[in-house]
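Read the figures in this text as sums done on the coordinates, not as results from a lab. Every value quoted in this text rests on a predicted model; they were computed, and no experiment measured them. Positions of Cβ are generated from backbone atoms using ideal geometry, with glycine treated the same way; all protein chains shown enter the neighbour counts.
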Amino acid sequence: MVHRVTLIRGDGIGPEVAQATQTVLDATGVGFDWTIVDAGVDVMDQYGTPLPEHVLDAIRDTKTAIKGPITTPVGSGFRSVNVAIRKALDLYANLRPAATIKGVKSTFEDIDLVVVRENTEDLYAGIEFESGTPEAAKAYDFLTNLSGKPMVEGSAIGIKPISEMGSRRIVKFAFEYAKANDRQKVTAVHKANIMKFTDGLFLEVARDVAKDYPEIEFDDRIVDNMCMQLMQKPELYDVLVLPNLYGDIVSDLCAGMVGGLGVAPGANIGRDYACFEAIHGSAPKYAGQNKVNPVALILSGALMLRHLGEQDAAKRVEAAVREVIREGKSVTYDLAKGEPVGTQQMAEAIANAL
Ligand code: NAD
């Protein structure tokens, strides 16, 4: 079977890690029909936007995309191009596995965690009022009257919407992921002791969804305690599911526990579409140097293979990455003990180890 996939090359180091990833994915023997498109600062002059509509149309058409990082140009009208893609396609689940790779420097050993972060709600909904504006004053009057709670006059105000629908679909996603990937336990992370209605709703829905999955263990943790526990007893945890803000923070914490940006894959998945991407950015200072580590996007490619039902190829890519890093001969500057190789050379070593 041939899989139709949109490859967004991105900018900065994006095109280099995208090329490296394509090299490895094509070498798996899985059939791909690639639609290759560009987004980011390099297309601004041509299209007047870093995210031309034809890029979104290409993802709508192929349903699956893999994407190099994209710089968010200052003054482009976007808070983040990456967030704009997630919003336009309702990619509500951010999937961030964090697993130790031998040979990658890290304080922790044998970490095997999966963070599932809600991507569309919470303080990230973008409902914010700037201090000193008429809108903030209006929101201040309305909210102090409605709640009867004091606020310092002139405060900037942010709103945290959490819905039953948004909570249900993300927790369900976490359990379905656990089921499909032989994971034993899902932990819902929240601050429901303080935010009784917003995080309280998230927790209540999580408990309800858990009843549909009696074969998977379920528990919950308050987010501050979760961070402490991850530092002290990470082996007790498996799949974590979190609202947007805590998910953002805890997923980076977990990426740090396995050695950081160069090896951390990710995916944004919705009901109809999915976009796979490394968590690192476009690292403009290294652009065009064939220097950076391609592993984060290659491992995102392995997540994509699983999503496409190509489990065997996914396992082979992950094993090849581990083998090349363990051997330590064909690795980029961030992992090398001796002479480093370039981005494309590391990808070719991984392709040869498949
Ligand atoms: P960054 O991740 O691009 O780079 C920070 C540093 O991390 C780099 O200077 C480099 O030292 C290291 N690094 C990053 N990726 C690496 C790799 N593959 N191999 C080795 N080292 C690597 O973060 P930044 O400088 O904060 O962001 C640059 C731009 O990227 C910004 O415009 C930001 O908006 C954008 N960004 C995009 C995405 C995305 O596309 N998903 C994610 C984060 C940031």
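Counting other beta carbons within 10 Å of each residue's own, what order do Leu56, Leu305, Leu253 fall into, fewest first? Let's see the in-between values first.
Values: Leu56 19, Leu305 22, Leu253 16.
Ordered from fewest to most neighbouring Cβ atoms within 10 Å, Leu56, Leu305, Leu253 come out as Leu253, Leu56, Leu305.
Magnitude of the charge dipole for the chain, about its Cα centre and with charges confined to Cβ atoms of Lys, Arg (+1) and Asp, Glu (-1), is about 360 debye. The ranking of Met257, Met346 by Cβ neighbour count inside 10 Å, starting from the fewest, reads Met257, Met346. For Thr332, the residues whose modelled amide H falls within less than 5 Å of its own, excluding neighbours fewer than 5 places apart on the same chain, are Val341. Of the residues Ile170, Ile222, Ile36, the one with the fewest other Cβ atoms within 10 Å heads the list, and the complete ranking is Ile36, Ile222, Ile170.
Within the set Lys63/Lys185; Lys102/Lys291; Lys63/Lys105; Lys233/Lys337; Lys63/Lys315, which residue pairs have Cα atoms separated by over 25 Å? Please list the in-between numbers first.
Working: Lys63/Lys185 29 Å; Lys102/Lys291 21 Å; Lys63/Lys105 36 Å; Lys233/Lys337 30 Å; Lys63/Lys315 23 Å.
Beyond 25 Å between Cα atoms: Lys63/Lys185; Lys63/Lys105; Lys233/Lys337.
What FRET efficiency, computed as 1/(1 + (r/R0)^6) with R0 = 51 Å and r the Cβ-Cβ distance, is obtained for Ala125 and Arg326, rounded to the nearest 0.05?
Values: r = 43 Å, r/R0 = 0.84.
After rounding, the FRET efficiency stands at 0.75.
Each peptide in 119-127, 131-139 gets a packing score, the mean of other Cβ atoms within 10 Å over its residues, and the list from highest to lowest is 119-127, 131-139. Beyond 27 Å in Cα-Cα separation lie the following of the pairs Lys138/Lys160; Lys160/Lys285; Lys172/Lys196: Lys160/Lys285. A straight chain from Glu53 to Ala156 at 0.36 nm per residue would run longer than the Cα-Cα distance by 33.7 nm.
Between Tyr333 and Lys196, the contour length at 0.36 nm per residue exceeds the alpha carbon distance by 44.6 nm.
Dividing the summed helix terms, -39500 (n - 2.57) for each DSSP H run of n ≥ 4, by the number of residues in the chain produces a 222 nm estimate of -12500 deg cm²/dmol to the nearest 500. Relative to the longest principal axis of the Cα atoms of the chain, helix 134-147 runs at roughly 60 degrees.
Computed from Cα positions, the angle between helix 343-352 and the longest principal axis of the chain comes to roughly 70 degrees.
Relative to the dominant Cα principal axis of the chain, helix 14-27 is inclined by about 60°. Computing FRET efficiency as 1/(1 + (r/R0)^6) for Gln289 and Leu253, where r is the C-beta to C-beta distance and R0 is 35 Å, gives about 0.75. Under 5 Å between amide hydrogens, built in the peptide plane, is the criterion, and for Ala156 it picks out Ser131 among residues at least 5 positions away or on other chains. The H on the amide N of Ile36, modeled in the peptide plane, is under 5 Å from the matching H of Leu7, each at least 5 residues off or on a different chain.
Net charge in the neighbourhood of Ala18 (other residues with Cβ under 14 Å of its Cβ; Lys, Arg +1, Asp, Glu -1) is -4.
The label-point distance for Arg271 and Asp110, in a model that sets each label 7 Å from Cα toward Cβ, rounds to 4.2 nm.
Report the relative contact order of the chain, percent, no decimals, based on alpha-carbon pairs under 8 angstrom and at least 6 residues apart.
Details: 735 pairs, mean separation 82.6, N = 354.
Relative CO of the chain lands at 23 percent.
Largest mean-square fluctuation among Val295, Val83, Val239, in a Gaussian network model of the chain whose springs join Cα atoms under 10 Å apart, belongs to Val83.
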